[in-house]
Protein chains: 2
Amino acid sequence: MSGHLAVVGLGPGDARYLTEEATATLGAADALYGYGPYLDRVPTRAGQSRHASDNREERTRAAAALRHAARGARVAVVSGGDPGVFAMATAVCEEIETGPESWHALDVTIVPGITAMLAVAARIGAPLGHDFCALSLSDNLKPWDLIERRLDAAAIAGFVIALYNPVSRARPWQFGNALERLRRHLPPTTPVVFGRSVGRPDECLSVTTLDAADTEAADMATLIIVGSRETRVIARNGRSPLVYTPRAAPEVSA
Amino acid sequence: MSGHLAVVGLGPGDARYLTEEATATLGAADALYGYGPYLDRVPTRAGQSRHASDNREERTRAAAALRHAARGARVAVVSGGDPGVFAMATAVCEEIETGPESWHALDVTIVPGITAMLAVAARIGAPLGHDFCALSLSDNLKPWDLIERRLDAAAIAGFVIALYNPVSRARPWQFGNALERLRRHLPPTTPVVFGRSVGRPDECLSVTTLDAADTEAADMATLIIVGSRETRVIARNGRSPLVYTPRAAPEVSA
């Protein structure tokens, strides 16, 4: 079995976030698979085929890429951010587990990338500087009451919370509901960061508070970081504020 | 104020994990500050000064770098992994908040990197494919009972758990205590991944279960990922197993 499948993280959008390993793996691939807008970020190379698919077809895309690799090709599946965080690496593992024996024998490499919460955090300071969690607000594949329990648990225990997939056309109320849930546990002044398209021309970053956080400020490409009780904002004259969570937690926290 | 301070994430160790932005920022710096072994990873350049310090001197190092930048220099502080995850970006923010007004006016850039949990996850499959948290086991700056409450909350709510800073010479019992705590909530067969020195010649990765997890397998450079009830292991003939957490969570989970 000479085939090889790589799942490559492109980071949040701009080429400056690509790792050397990602660039090398993309360059060496015979075929690229991925959501169209992600494929468009990868420089074209003669002799390399491209297979674009829709955003919601992760399992189908993963299966097609595995079939292609099992025929002996070097195949790369591209993923926004990090492929292991709410992205393509999981879909590939799911297909391998349920697929033909030949897929188990394939050489599989996951190439990590800068996931959205790290990119947004870096642009605003260090809000993830203390214990934190990453939670997808999509209830397509998990029940909403489980998401609510996780929001409760994370806020009460004092984790900073990074929210992925806050809204979509099919999920209009979930983010507002999540904010309401968090307001039960956290002070109204808790810092909240909205980050979108980091590193791209349409980059948009804003800092607000939990009581003022507006669901209209988020779309499906937005990553939200909700601070803990310890998260702080440093105002700076003529510069954007710095948001960070101190390394020390007091005895009374949580 | 012409000074500039960058806090640069080097990723887990090998140069292939460096982003283009990190490479460019390090190359443009007049002075580099950091823990000695991290500085040693950065190629030397004529005219660039280097200021190595001990691992535990984050605040002192951050203050020295800020003073240097405030004199008008381009200064880079290097950090292992991602600077915003249990690393130098937080120490820099702490120093800016409590430091002189001139530090508030400085141009500060955080350059994200591949943090250890993303690197370890990528080497083993996609264990962070569903909701997860990152928790430091160091009780140097937070009380141990708070760490226990967070372990309880995360395990009960069904988060996959990435453990940073599991042990040190001064903290010999904490990791064993944490495993005991997690065994109260999670099945004995829950997959546990130990990862160390990813991408370096001494890389060491292993997969075990929560009941068999051995505290001796971890040192201060080890990152541990404890699965949720949903995390799965795919055995593969002649290849290392794949560990992943499915995107779907059942109704009964948590």
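Place a label point 7 angstrom from the Cα of B:His51 along the Cα-to-Cβ direction, then list the residues of the stretch B:89-108 whose backbone nitrogen is under 15 Å away. B:92-93, B:95-96, B:100, B:103, by backbone N distance to the label point. Peptide packing: for A:222-231, A:28-37, A:138-147, the average count of neighbouring Cβ atoms within 10 Å per residue gives the ranking A:222-231, A:28-37, A:138-147, highest mean first.
Under unit Cβ charges (Lys, Arg +1; Asp, Glu -1), what dipole magnitude, rounded to 20 debye, does the stretch B:122-254 have relative to its Cα centre? All intermediate terms of the calculation are to be shown ahead of the outcome.
On the way: 16 positive and 14 negative charges, 54 e Å.
Dipole about the Cα centre, nearest 20: 260 debye.
Our estimate of slack between B:Asp40 and B:Ala170, defined as 0.36 nm per intervening residue step minus the Cα-Cα distance, is 44.3 nm. Each copy carries a label point for B:Thr215 at 7 Å from Cα along the beta-carbon vector; from one copy to the others these points are 4.7 nm apart, nearest first.
Counting only other chains, and only Cβ atoms inside 10 Å, what mean value do you get across the residues of B:101-108?
3
Going 7 Å from the Cα of B:Ser240 in the Cα-to-Cβ direction, what parts of the stretch A:72-111 have a backbone nitrogen less than 12 Å from that spot? Under 12 Å, as judged by backbone N against the label point of B:Ser240, lie A:108-110 of the stretch A:72-111. The Cys residues in chain B with no partner Cys Cβ within less than 4.7 Å of their Cβ are B:Cys93, B:Cys204.
In square nanometres and to one decimal, what's the mean projected area of the convex hull around the Cα atoms of the protein assembly as shown? Could the numbers behind the result be given before it?
On the way: hull surface 89.2 nm².
If you wrap the Cα atoms of the protein assembly as shown in a convex hull and average its projections, you get 22.3 nm².
Inter-copy label distances at A:Asp202, using a point 7 Å along Cα-to-Cβ, come to 4.8 nm with the shortest given first.
Computed log10 I(q)/I(0) for the stretch B:110-168 at 0.19, 0.22, 0.29 Å⁻¹: -0.79, -0.97, -1.18, from the Debye equation with unit scatterers placed on every C-alpha and solvent omitted. Computed about the Cα centre, the dipole magnitude for chain B is approximately 440 debye when only Lys and Arg (+1) and Asp and Glu (-1) carry charge, each at its Cβ. In percent, rounded to a whole number, the relative contact order of chain B is 20, using alpha-carbon pairs under 8 Å and six or more apart.
Considering only protein heavy atoms and a 1.4 Å probe, what is the carbon-and-sulfur percentage of the accessible area of the stretch B:103-254?
Working: 2780 of 5500 Å².
Carbon and sulfur together cover 51 percent of it.
Take A:Ser168, push a point 7 Å out from Cα through the beta-carbon direction, and compare it with the same point in every other copy: 4.3 nm, smallest first.
Spin-label model, A:Arg16/B:Ser102: points 7 Å from Cα along the beta carbon direction are separated by 2.7 nm. Helix A:174-183 axis versus longest C-alpha principal axis of chain A: approximately 40°, rounded to the nearest ten.
Per residue of peptide A:137-143, the mean number of Cβ atoms on other chains within 10 Å of the residue Cβ is 4. Note on B:225-238: average number of Cβ atoms from other chains within 10 Å of each residue's Cβ is 2. By how many degrees, between 0 and 90 and to the nearest 10, does the Cα long axis of helix B:58-70 differ from the longest principal axis of chain B? Approximately 30 degrees, to the nearest 10.
Mind running the shape call on the stretch A:118-254? Use the C-alpha gyration tensor, a ≥ b ≥ c as the square roots of the eigenvalues: rounded below 1.5 for a/c, prolate if a/b tops b/c, oblate otherwise. Taking the square roots of the gyration eigenvalues as a ≥ b ≥ c, the stretch A:118-254 is oblate. Work out the length of the dipole vector of the stretch A:1-104 about its Cα centre, built from +1 on the beta-carbon of each Lys and Arg and -1 on the beta-carbon of each Asp and Glu, and round it to the nearest 20 debye. Result for the stretch A:1-104 is approximately 340 debye, rounded to the nearest 20. Each of the peptides A:91-100, A:2-11 was scored by the mean count of other Cβ atoms within 10 Å over its residues; in descending order, highest first, they stand as A:2-11, A:91-100.
The values are calculated or read from the model by the stated rules, or taken from the named source; none is laboratory data. A quick note: this is a predicted structure, and the numbers were derived from the prediction, not measured. In this analysis, Cβ positions are derived from the backbone assuming ideal geometry, glycine residues included, and neighbour counts consider all displayed protein chains. For accessibility, only protein heavy atoms count, side chains too; no ligands or nucleic acids. Shrake-Rupley method; radii C 1.70, N 1.55, O 1.52, S 1.80 Å.
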